[in-house]
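Please read the structure below before turning to the comments.
The values are calculated or read from the model by the stated rules, or taken from the named source; none is laboratory data. Just so it is clear, the model here is predicted, and its values are computed rather than measured. Here the Cβ positions follow ideal geometry from the backbone for every residue, glycine too, while neighbour counts run over all protein chains shown. The accessibility values were calculated without ligands, DNA or RNA, using every heavy atom of the protein model including side chains. Shrake-Rupley method; radii C 1.70, N 1.55, O 1.52, S 1.80 Å.
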Amino acid sequence: MHDLNWPERLWIARHGQSAGNVARDAAEAAGLALIDLAARDIDVPLSALGERQAVALGEWFGAAAEADRPTAVLCSPYVRARETARLLMEAGGLRPSCGVHVDERLREKEFGILDRLTAHGIRERHPELSTQRTHVGKFYFRPPGGESWCDVILRLRSLVDTLKLEFRGERVLVVAHQVTVNCFRYLLEKLDERQILEIDRAADVPNCGVTEYRLDPSVGALALVGANFTAPLREAGEPVTREPDVPAAPKS
């Protein structure tokens, strides 16, 4: 018997470009070890471009037919995600019947001791961790005080259960972070370590890029419609940005 206890539609969007993304680029370009940010990662706001990206995504949803708009919005508690959700809802005139749900399980992967370090900074200050990460691989490597991708996947498994229990038949928009988006894909598309890391190596998740799923009743599961969709930004004439999030981690 097929499992139909799923949302009808699911969109997973990364937040707009953040001030942290901009600061990271500047630090990497200057060859610095530390990203110049005083705020906690959770408190880093959107950049001016990130705000425009959120508005563009909201206008795209607002121009859609009623049946193609979210009826519920879930977002990470991080400021950049909450600002993205607020701005896109305002721009699109979205008033989801189920409201907005802030859920800490949607937070970005925690980088622990490596927080705010550039790739150069990690190699310089923690060479032993850099070596360990290369050996273990980013999927399983957990920095001291931080998380591995597996840890993120573990907390998202319970969130998937929440989607099935509380949002059956709804059209749900999730606003989260780069690693969160990829870990959702790992779960929903039943990928393995090799497959998800190939996706990750191919390109970073675009800011305000959207990955969409629809319920396929014939198999009782969410089916991928498209990944990292950026047409709303291009249609609005806004740049598509793909910067990694603030806590640096060298790409595999």
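When all alpha-carbon pairs of the chain are counted, what percent fall beyond 25 Å?
Numbers: 13040 of 31626 pairs.
Of all Cα-Cα pairs in the chain, 41 percent lie more than 25 Å apart.
Quick one: dipole size for the stretch 140-252, taken about the Cα centre, charges +1 on Lys/Arg Cβ and -1 on Asp/Glu Cβ, in debye to the nearest 20.
Numbers: 14 positive and 17 negative charges, 36 e Å.
It comes to approximately 180 debye.
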key: Surface per residue (accessible, 1.4 Å probe) for the stretch 107-241, Å²   = 44
Candidates Ala119, Ala227, Ala38, ranked by Gaussian network fluctuation over the chain, Cα under 10 Å, top entry = Ala38
Rounded accessible area of Asp103 (nearest 10 Å², 1.4 Å probe) = 20
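Leaving out ligands and nucleic acids, and using a 1.4 Å probe, what accessible area per residue does the stretch 1-87 come to in Å²?
Working: 3540 Å² over 87 residues.
Computed with neighbouring chains in place, this is 41 Å² per residue.
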remark   = Treating only Lys and Arg (+1) and Asp and Glu (-1) as charged, each at its beta carbon, one finds that the stretch 132-187 has a dipole about its Cα centre, in Debye to the nearest 20, of 160
remark   = Among the DSSP H helices of the chain, those whose Cα atoms extend at least 24 Å along the helix axis and whose mean Kyte-Doolittle hydropathy is -0.5 or higher are 149-166
task = State, as an integer percentage, the relative contact order of the chain based on alpha-carbon contacts under 8 Å between residues 6 or more apart.
result = 33
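Would the stretch 5-130 count as rounded, prolate or oblate if I go by the C-alpha gyration tensor, calling it rounded below 1.5 in a/c and otherwise prolate when a/b exceeds b/c, oblate otherwise?
Details: a/c = 3.04, a/b = 2.07, b/c = 1.47.
It comes out prolate by the Cα gyration axes.
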ask   = Along the charge dipole of the stretch 1-140, which of Ala38, Leu57, Leu10 sits closest to the positive end, that is, farthest toward it, with unit charges on the beta carbon of Lys, Arg, Asp and Glu (+1, +1, -1, -1)?
value = Ala38
request  = Compare Lys164, Lys190, Lys138 in a GNM of the chain, Cα atoms joined below 10 Å, and give the one with the largest fluctuation.
outcome  = Lys190
message = Need one value: the accessible area of Ile35 in square angstrom, 1.4 angstrom probe, rounded to the nearest 10.
response = 0
task = Can you send over the solvent-accessible area of Ser76, 1.4 Å probe, protein chains only, in Å² to the nearest 10?
result = 0
query = Picking from Gly93, Val136, Thr71, whose Cα lies most toward the positive end of the charge dipole for the stretch 55-144 (charges on Cβ: Lys, Arg +1; Asp, Glu -1)?
reply = Val136
inquiry  = Around Glu110, under 9 Å between beta carbons, what's the net of Lys plus Arg minus Asp minus Glu among the other residues?
reply    = -3
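Under a point-charge model restricted to the Cβ atoms of Lys and Arg (+1) and Asp and Glu (-1), what is the dipole moment magnitude of the chain relative to its Cα centre, in debye to the nearest 20?
Magnitude of the dipole: close to 240 debye.
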query = What residue among Leu163, Leu106, Leu173 has the largest mean-square fluctuation in a Gaussian network model of the chain, using Cα springs under 10 Å?
reply = Leu163
ask   = Taking all protein chains as present, what is the carbon and sulfur share of the accessible area of the chain, in % to the nearest whole number, probe 1.4 Å?
value = 52
